[in-house]
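Notes for the one structure printed next.
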Amino acid sequence: MKAKNIALLLAAAFGLTGLVACGGEHGGSESTSSTSVYTGDYRVTVQAIGSTTITVSNTVQLRSSVTGTTEKDVIWSSSDEEIASVSDRGLVTGLKEGEVTITASLAIEPACKASINVTVLGAPSATSVTISGADERQQWVGEDLQLGVEVLPEDASSLVDWSSSNQEVATVDATGLVSFLSEGEVTITAKSKDTPTVLDEATFTVSEGIFYSNQGSPYWDISKQADASDPKVELPADTPTGYHSLYFAHVKSENYYVEASFKITAITSSWVWQGIGLGSGLSESDTRYFIFSPRVDGQGNDYNKQIVKDLPNESWPAITTRSQVWGQNGLNEIDYLNSEVKMGMLRHGNEHYWLINDKVMWYDNSTKYEGIPTMPILVSVDIPCVVTGYSVSTDMALIEEKLSSPAYAKSFYASNPEIVRYEDDSSFSFISNSVLCKDNKVSSLGDKAMLLGDFTIEFDISNAVLNPAHTAGFTGLNIGLSRYDSADNVESFLIGKSAVQPDNQNIVARFASWNYQLSMDDPMAATSYLESSSKVADELTGTHHIKITRTIEDNISYFKMYVDGNEVNFDIKSNQYVEMTSRYTGSYLLWVGGEYTSADIANLEFTSSLN
């Protein structure tokens, strides 16, 4: 038999590849294979790309050619599926020794067909089978693992039979794809088809995992994610730079609360926006992250920071600009070198609350994931770390309990608790009159104090003390409106004293458009402004009521300011084109600050609505 096999292989190697056809007067079969008589105008030919003599488990590719019609689809079939199979693309696989006829039938006219003979030779017996892809023996419920095999000698049949010792723990299909179903231990076996006594085994321990091992960054060490005594995940110090995400398993919802504690183990980069955090998303290309970014040597600043980023972050979108907080709201007090940093996130429909050390630091209410369940995600950017204390819950009772607490109800945060005393959303005080309003303010906690459509802002100011040494620009109370879609652009209403006025003594009002990245003292900051030439109030040590409105008509925003019930007449203009209007009709985020001014604010209310 071995001599016969060698002779056939030599004949195939030095002979012509078989070519057969069907068709009327266009010619008949070009081999000895028989075909049924067809006298129509169509023609099918079959050609082998390589030898038509193969060994068991090896393949030969057949190619069909159709003339006489534009409908060229054929249906492949084997005369004996036990000897050789053929795919719908004409790939023939030898299964056992023998001869077989492979036929291509024209789909629109099955009577028109062509055939070719394939000889399958027995392969040498397998002497060894080695499973590949099984290096990680700790596996996790709900995940799949693709195994492979190496069979020796190389010309032996590579066909194996896969089996599982416990199909309740894991199943394996004919290709070696293992699906882990429940906790336990399972052995996966690969046996040579032609020599069943030759086999290999791989035994796996299957546990209920917290995180996916097959999504996100491959650099996370999750081997101890479900450890009974010390559960943790780790991003090692030799990890390449970049975003490294880790997805919580078995949670995809519109409502969940997640938390985790990060211990930073090394600082390996001086990039400004390295950090740790949590995200809500669908994939590596569709995620919104909240990141705590620590100050480190070489950054050129001395601030802990926070930011919200969408990935991919190919540009610097509005949410990234408006979510930056540098050192304020207690960020600089976070001792990330000597203690863990606890990050938290609550998703409730379109709402996302982000927390650091159990304090709500940012609120996002957008339609980015409206009606779309997302996964909670850990992330580290250029920072090696160990993460512990991780948990995620979809319990609505827990979520509602958190949402009902005062911490989640706040609309503002104080820039610096040492100089801004925040009592509640309606009452706060600016203690210092020696700093810029940007550093002496209460600001919207993310989207909490969002003003959209027509809106009204009202409050009382009292006990104001303006710094007499500050004579540049404007000194007084600043009601800031940061544009939601371009956060560096600000419209401000101010009440106080202006360097524009001849004697700089009267209490006047100003309406200004300016760039938040600059100081209001900077001549380049204000693009335009209007002021009242007449005083709008006596000294601000007494109590005065302030009201600001916007109404939108014909896609134009119209602004007004009232002091003690009297509408302010803005008759001094920085240029002839300035009006109390704007073509910007989008949303604003509200903040209030003292520009070199200390003061008490009470009874603050804001309402807004879309008409």
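Of note:
- Charge dipole of the range 128-207 (Cα centre as origin; +1 on each Lys and Arg Cβ, -1 on each Asp and Glu Cβ, all else neutral): 140 debye, rounded to the nearest 20.
- Reference-scaled alpha-carbon Rg (2.2 N^0.38 Å with N residues) for the chain: 1.47
- Ranking T59, A107, G133 by Cα position along the charge dipole of the range 52-155, where only Lys, Arg, Asp and Glu carry charges on their C-beta atoms, puts A107 farthest toward the positive end.
- Alpha-carbon centroid distance for the pair the range 380-435 / the range 551-611, whole angstrom: 28 Å
- A straight Cα-to-Cα reach below 20 Å connects K113 with the lysines K72, residues fewer than 8 places away in its own chain not being considered.
- Once the Cα atoms are used to define both axes, helix 2-14 deviates from the longest principal axis of the chain by about 70 degrees.
- Each Lys and Arg Cβ is given +1 and each Asp and Glu Cβ -1; about its Cα centre, the chain then shows a dipole of about 860 debye.
- Cβ-placed point charges (K, R +1; D, E -1), dipole of the range 259-328 about Cα centre in debye, nearest 20: 200 debye
- Adding -39500 (n - 2.57) for every DSSP H run of four residues or longer, then dividing by how many residues the chain holds, sets the calculated 222 nm ellipticity at -1500 deg cm²/dmol.
- Remark: I399, I556 ranked as I556, I399, counting other beta-carbon atoms within 10 Å and listing the fewest first.
- R0 of 35 Å, Cβ-Cβ distance A174-D230: FRET efficiency to nearest 0.05: 0.30
- Here's the picture: a label point sits 7 Å out from the Cα of E567 along the beta-carbon direction, and within the range 475-514 the residues with their amide nitrogen under 19 Å of it are 493-494, 509-512.
- Entry for the range 572-611 at q = 0.36 Å⁻¹: log10 I(q)/I(0) = -1.29, Debye formula applied to identical alpha-carbon scatterers, no solvent contribution.
- Projecting the Cα atoms of A228, T119, V169 onto the charge dipole of the chain (Cβ charges, centred on the Cα centre) puts T119 farthest toward the positive pole.
- In this structure the amide hydrogen of K224, modeled in the peptide plane, comes within under 5 Å of the amide hydrogens of K232, none closer than 5 places in sequence on its chain.
- For the peptides 141-148, 572-579, the ranking by packing is 141-148, 572-579, with the highest mean count of neighbouring Cβ atoms within 10 Å listed first.
- Top positive-direction residue, dipole computed over the chain with Cβ charges, set V387, Y219, S574: S574
- Sequence of I188, I383, I431 once ranked by neighbouring C-beta atoms within 10 Å, starting from the fewest: I431, I188, I383
- Cross-link pairs exceeding 32 Å between alpha carbons, from the set K193/K232; K224/K402; K252/K309; K252/K342; K252/K410; K224/K410: K193/K232; K224/K410.
- Förster radius 25 Å - calculated FRET efficiency between I552 and T607 (Cβ-Cβ, nearest 0.05): 0.95
- With all pairs of different C-alpha atoms in the average, the Kirkwood value for the hydrodynamic radius of the range 412-609 is 16.5 Å.
- Residue order, fewest to most surrounding Cβ atoms within 10 angstrom, among I276, I307: I307, I276
A short reminder: the numbers here are calculations on the coordinates, not readings from a lab. Predicted model only: the values in this text are computed from it and were never measured. For neighbour counting, all protein chains shown are included, and Cβ atoms are generated from backbone atoms with ideal geometry for every residue, glycine included.
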